[in-house]
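*Asks:* Below is the structure I would like to discuss, written out as structure tokens.
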Amino acid sequence: MSGNHLSNRNLSLSPDDNKVGFGMPFTKLNTKTFQALFNFASIGILVTNSKGEIQMVNRFIESQFGYTEEELLERKVEALIPARFSKKHVHHRESFNSDPHSRPMGLGMELWGQKKNGVEFPVEVSLGHFEIEGERFALAFISDITQRKETEKAVVELNTHLEEKVKEGTQSLALTVAQLSAQIKETERKDKELERVNTFLNNIWNHAGAIILVCDKAGIIQFFNPAAEKSLGYTSAEIVNVHTPVIFHSAEELAAKAEEFSACLDKKVNPDFSVLEASAELNRAGDREWYYVKKDKSLFYVSLNITPLRGAHHEVTSYLMIAIDISEKKKAEVELLAALEKEKELNELKSRFVSMASHEFRTPLSAVLSSAYLLSKYTKGEEQTQRDKHIQRIVSSVASLTEILNDFLSVGKIEEGNIHANYTEYNIEKQMGDIVLEMNHLLKNGQTISYIHSGDAIVTLDASMMRHIVTNLLSNAIKFSPEESVVDLVTENNKKEFKLVVRDRGIGIPKEDVPSLAKRFFRSSNVTNIQGTGLGLHIVNKYAELMNGKLTCNSVLGKGTEFTIRFNKVTKGI
């Protein structure tokens with residue numbers, strides 16, 4: 001190796017160890033500890049100078065990319081990046097060097113690394129910076145996220161129809177989780193080598209964006225970096241030599257993980273530091289997702305890497321824990337899954353629509369066809385009564401079809417969130433009277449509609465929605481009531497609310513069906529032989545909610561049903 005580079009495998013400290021530290025006295029933080037941190041951490045670490053030339057790598061980089069340390073030193077960092085990204089990366093690197101600050105790299109983008117054999121793999125990178133004797137260095141921490149990307153790909157493939165939407169909605173997933181990597185240049189003179197190494201380690205500890213903990217074999221935290229203080233809300237004095245990392249985990253999660261790891265390892269794992277030891281044993285070269293609990297008891301998601309550090313005889317002497325905040329990534333995953341569920345629900349709605357439409361359209365269309373045919377047979381003047389009968393049948397069938405189409409259109413608009421209440425002042429008594437007249441053609445033999453209003457006739461509501469609500473409730477009351485019965489329509493306008501009541505003397509609704517009446521496509525168990533889509537009450541309920549109303553139902557089998565909607569008063573112009 002050239003004399004111009006520092007070797008991370010031959011680190012040593014000056015006799016005065018207290019002169020270099022990581023936010024605390026450096027007495028306990030000896031060179032062997034840092035050698036273990038660089039050479040045994042299961043995360044790639046590299047350092048470049050201001051020209052982008054690699055100055056130092058750890059052993060994990062070699063296994064990640066397939067290069068030896070000698071092959072990488074003094075090469076441009078773009079050697080580890082696919083050729084199609086190299087030019088852009090040079091621009092990004094120069095921008096970072098002109099305004100360096102610790103941050104996740106590649107926000108909003110997917111990052112890729114390329115091995116010596118040409119194989120590409122997705123990575124997460126976190127950047128830090130520091131200066132030594134006026135020379136600026138960048139440090140990067142690299143993690144292979146192939147397994148995570150495969151998991152994300154499996155989620156996306158749940159619904160190929162959403163492929164483009166998922167790509168757009170998951171840009172926030174490109175908030176790539178930074179992981180530690182570093183490399184330092186050897187000094188030209190041996191006398192300065194120790195000072196430069198110690199300065200470099202100090203900058204890693206103090207400026208890395210990741211939470212870094214080092215605890216002894218028993219779990220007692222020995223080192224707690226500034227990023228950990230900032231993220232978790234504790235000071236080093238509160239944590240070091242006092243607590244184990246268990247303080248950052250909820251009891252519920254530890255218990256759940258203990259049960260999971262006990263089954264995996266076929267041995268009892270207690271819900272304490274043993275859980276973290278078991279995690280390291282089961283996941284030596286990767287990360288696990290956990291909740292971290294801050295001092296103020298708030299929670300956030302982290303990707304946690306636990307690496308056991310071993311002594312000369314391969315015994316575990318301590319643990320290195322590196323955690324990256326992935327709260328934004330998890331939030332994006334939740335939004336993605338919600339979008340997938342919504343799409344499934346919409347697809348189900350479309351399927352139900354096609355099935356329902358094909359079934360419900362058949363009866364009125366058949367009536368129209370047969371009546372039109374029979375009309376052609378009645379050619380004599382004295383047969384006008386028969387002609388009127390079939391003309392009325394055609395009108396009723398067309399009205400039924402129109403009602404079904406309106407219901408489907410209304411449901412579609414409601415699901416898309418495209419319907420809003422358009423409040424106006426108008427005469428409710430006149431509107432109800434007009435609706436009653438329009439409904440007369442649906443009345444069975446001897447049926448009547450009784451309408452009573454009390455209070456001020458002027459209301460502030462959405463007239464169109466109100467018409468749909470009343471028309472639907474009255475048509476149901478007429479359809480499910482016998483001949484020679486009365487359907488009551490009652491409206492009341494007082495200072496507190498506007499109340500609408502529709503009451504029939506029909507077949508009634510089973511008690512167990514009442515809670516489900518407002519669900520899409522739901523039909524009561526005692527009306528399966530009566531034509532209907534199961535959408536009417538769903539739309540009525542949605543329209544009522546849009547106008548600050550609440551729908552209730554009281555029903556007794558064989559005696560009748562009463563629907564009541566109470567609307568809270570609104571101010572004109574809302």
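*Asks:* Six or more apart or on different chains, Cβ atoms under 7 Å: show the pairs whose first residue is in region 63-83 and within 17 Å of Glu120 (Cα to Cα) and whose second is among the polar types (S, T, N, Q).
*Replies:* Note: pairs meeting the criteria are Gly66/Asn117; Val77/Thr48; Glu78/Ser86; Leu80/Gln114; Ile81/Gln114; Pro82/Gln114.
*Asks:* Another question, if that's okay. Does Val487 count as modelled with pLDDT of 85 or more, surrounded by 20 or more Cβ atoms within 10 Å (Cβ to Cβ), assigned to a strand (DSSP E or B) and not small (Gly, Ala, Ser)?
*Replies:* So Val487 fits the description; yes.
*Asks:* While we're looking at this one, here's another question. Among the helices (runs of 4 or more DSSP H) lying completely within region 1-104, list those that include at least 2 residues that are modelled with pLDDT of 85 or more and buried (at least 17 other Cβ atoms within 10 Å of the Cβ).
*Replies:* Values: elements: 31-40, 59-65, 69-72, 83-98.
Qualifying helices (runs of 4 or more DSSP H): 59-65, 69-72.
Matching residues to (1) at pLDDT below 85; (2) closer than 27 Å to Ile142 by Cα; (3) in a helix (DSSP H, G or I):
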site	(1), (2), (3)
Ser274	no, no, yes
Ala285	yes, yes, no
Lys330	yes, yes, yes
Glu333	yes, yes, yes
Glu341	yes, no, yes
Val354	yes, no, yes
Thr363	yes, no, yes
Ser366	yes, no, yes
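*Asks:* Which residues, counting only those in region 309-332, are of a type outside the set (A, V, I, L, M) and in contact with an Asp or Glu (Cβ under 8 Å, 6 or more places away or on another chain)?
*Replies:* Listed by number, the residues that qualify are Thr317, Ser318, Tyr319, Lys330.
*Asks:* Follow-up question, since we're still on this one. Report yes if some residue within region 540-550 is in a strand (DSSP E or B) and modelled with pLDDT of 80 or more; otherwise report no.
*Replies:* Yes, region 540-550 contains at least one residue that is in a strand (DSSP E or B) and modelled with pLDDT of 80 or more.
*Asks:* Of the numbered conditions (1) more than 23 Å from Leu489 (Cβ to Cβ); (2) of a type outside the set (Phe, Trp, Tyr); (3) at pLDDT 70 or above; (4) more than 50 Å from the chain's Cα centre (by Cα), Asn445 fails exactly one; give the number of that condition.
*Replies:* So the condition that Asn445 fails would be (1).
*Asks:* Turning to a different aspect of this structure: Would a scan of region 397-409 turn up a residue that is at pLDDT below 70, under 17 Å from Met547 (Cα atoms) and surrounded by 15 or more Cβ atoms within 10 Å (Cβ to Cβ)?
*Replies:* No: zero hits.
*Asks:* Quick one: which residue in Asn476, Asn440 is under 41 Å from the mean Cα position of the chain (by Cα) and either acidic (Asp, Glu) or modelled with pLDDT under 90 (or both)?
*Replies:* Asn476
*Asks:* Separate question: What do you reckon, is Glu281 within 26 Å of Ser63 (Cα to Cα), in contact (Cβ under 8 Å) with a residue 40 or more places away in the chain and surrounded by fewer than 16 Cβ atoms within 10 Å (Cβ to Cβ)?
*Replies:* no
*Asks:* Here is a further query. Among the listed residues Phe261, Phe300, which satisfies the condition of being out of contact with any Cys (no Cβ under 6 Å at 6 or more places or on another chain), in contact (Cβ under 8 Å) with a residue 12 or more places away in the chain and under 20 Å from Ser143 (Cβ atoms)? Can you show your working first?
*Replies:* Working: Phe261 fails: under 20 Å from Ser143 (Cβ atoms).
None of the other options fit; the residue is Phe300.
*Asks:* Moving on to the next point. Take the conditions small (Gly, Ala, Ser) and surrounded by 15 or more Cβ atoms within 10 Å (Cβ to Cβ) and apply them to Gly446. Does it pass?
*Replies:* no
The values are calculated or read from the model by the stated rules, or taken from the named source; none is laboratory data. This is a predicted model, so every value here is computed, not measured. No Cβ is skipped: glycine too gets one built from the backbone with ideal geometry, and neighbour counts run over all protein chains shown.
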